[in-house]
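Presented below is the structure to which this report refers.
The values are calculated or read from the model by the stated rules, or taken from the named source; none is laboratory data. Note that this is a predicted model, so its numbers are computed, not measured. Methodologically, a virtual Cβ is constructed for each residue, glycine included, from the backbone with ideal geometry; neighbour enumeration extends over all protein chains shown.
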Amino acid sequence: MFPNVESNDLFTTNFTLVNSSTAVNSVNLYLMGQDGTKVDSASAGIPPLGTFQAGAADLFAAMTSPFQGYVVVTATAGLTAFEQIEGPASAAVVPAQPLPVGSGTLHLYSPYFTYGGGTASILHLANPSSSSASLTIRLYDDTGKALGQPLAQSLAVGQQVSIDVGTILGAAPSTAVAGSVTVDSTSPGIVGDLSVGDAKSFLTDRAALPLVSTLSPNLVLPYLANDGATYAASVAVFNPNTSPTAVKISAFGPNGASAGSASFNVPANGRIAGALSTLASAARASAPAIYASTPMCP
């Protein structure tokens, strides 16, 4: 599932789907409006180990601009997929997320948001399930201190909402505020992502992070461009637990040799964040592994 699809004067959405099976994969894509109405659908047969690429405007003839909603994907075999939301001077790549299954409550996390100082963050939350949901959205700073008041949001069956973090924090400060996001849901069927970038409609700077529900004490980022000149990589690790935890970041070069490491104590609901070369001072052109005493969100 792609929890946010945009088509307007500034941004277009393009999809890439890769068939990871050795048989033809029959794929259906359903374009859903923010109210849960099915706007259009498309289908494709992807050859074994093949790739399918298309823009939303080409796939869905019934879609009119401006449009915002989401896409549900079903297939006869396993897929790997991502979307690219592309504008004239910025673009965000977001991996597809699995459709939720199961019962009970759900907790979603993002280790990063930014607001103020010319930056903005917008949550996109969709409910493709058959049950309505009540959500509680919270923001935390690096020390674990709550920012603003929790925001309550209902999400009807099929509905998608976009929420500016300014709704929680109020007027934008002159200096950027950064931290982490949690979304607690009474239904397990919620999928979302977070767009971050400049406060002028993401015209010049945009990135997107999927909201994750699975935490792990051991994590690997398999690739980073971090040469200290043209490219600089940053890392954020969020501790959504009720107790502090010890975190170690270890960086490795392409040949597997150690390129630096550092250890931190991260408070409950807090995080560590910064340039990789600062967090692990020897790290250059390296990919980090993250180890923690309790499950974390990178």
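Tell me, which strands (runs of 3 or more DSSP E) wholly within segment 189-288 include 1 or more residues that are over 26 Å from residue 97 (Cα atoms)?
Correct list: 245-252, 258-266, 271-275.
For segment 121-130, which positions are surrounded by 24 or more Cβ atoms within 10 Å (Cβ to Cβ) and either of a type in the set (D, E, K, R) or part of a strand (DSSP E or B) (or both)?
The answer is 121, 123, 124, 125, 126.
What's the total number of residues in segment 1-15 that are under 25 Å from residue 189 (Cα atoms) and among the charged types (D, E, K, R)?
Within segment 1-15, residues that are under 25 Å from residue 189 (Cα atoms) and among the charged types (D, E, K, R) number 1.
Please find, within segment 175-189, the residue that is nearest to residue 129 (Cα to Cα) out of those that are hydroxyl-bearing (Ser, Thr, Tyr) and buried (at least 21 other Cβ atoms within 10 Å of the Cβ).
185
Listed here are the residues, each with its yes/no results for (1) surrounded by 18 or more Cβ atoms within 10 Å (Cβ to Cβ); (2) in contact with a helix residue (DSSP H, G or I) (Cβ under 9 Å, 6 or more places away or on another chain); (3) not in a strand (DSSP E or B).
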residue	(1), (2), (3)
6	yes, yes, no
15	yes, yes, no
18	no, no, no
23	no, no, yes
29	yes, yes, no
36	no, no, yes
43	no, no, no
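In segment 228-248, which residues are surrounded by 19 or more Cβ atoms within 10 Å (Cβ to Cβ) and more than 21 Å from the chain's Cα centre (by Cα)?
245, 247
Here's a check for you: in segment 258-284, which residue that is at pLDDT below 80 and not hydroxyl-bearing (Ser, Thr, Tyr) is surrounded by the fewest Cβ atoms within 10 Å (Cβ to Cβ)?
Among them, the one singled out is 282.
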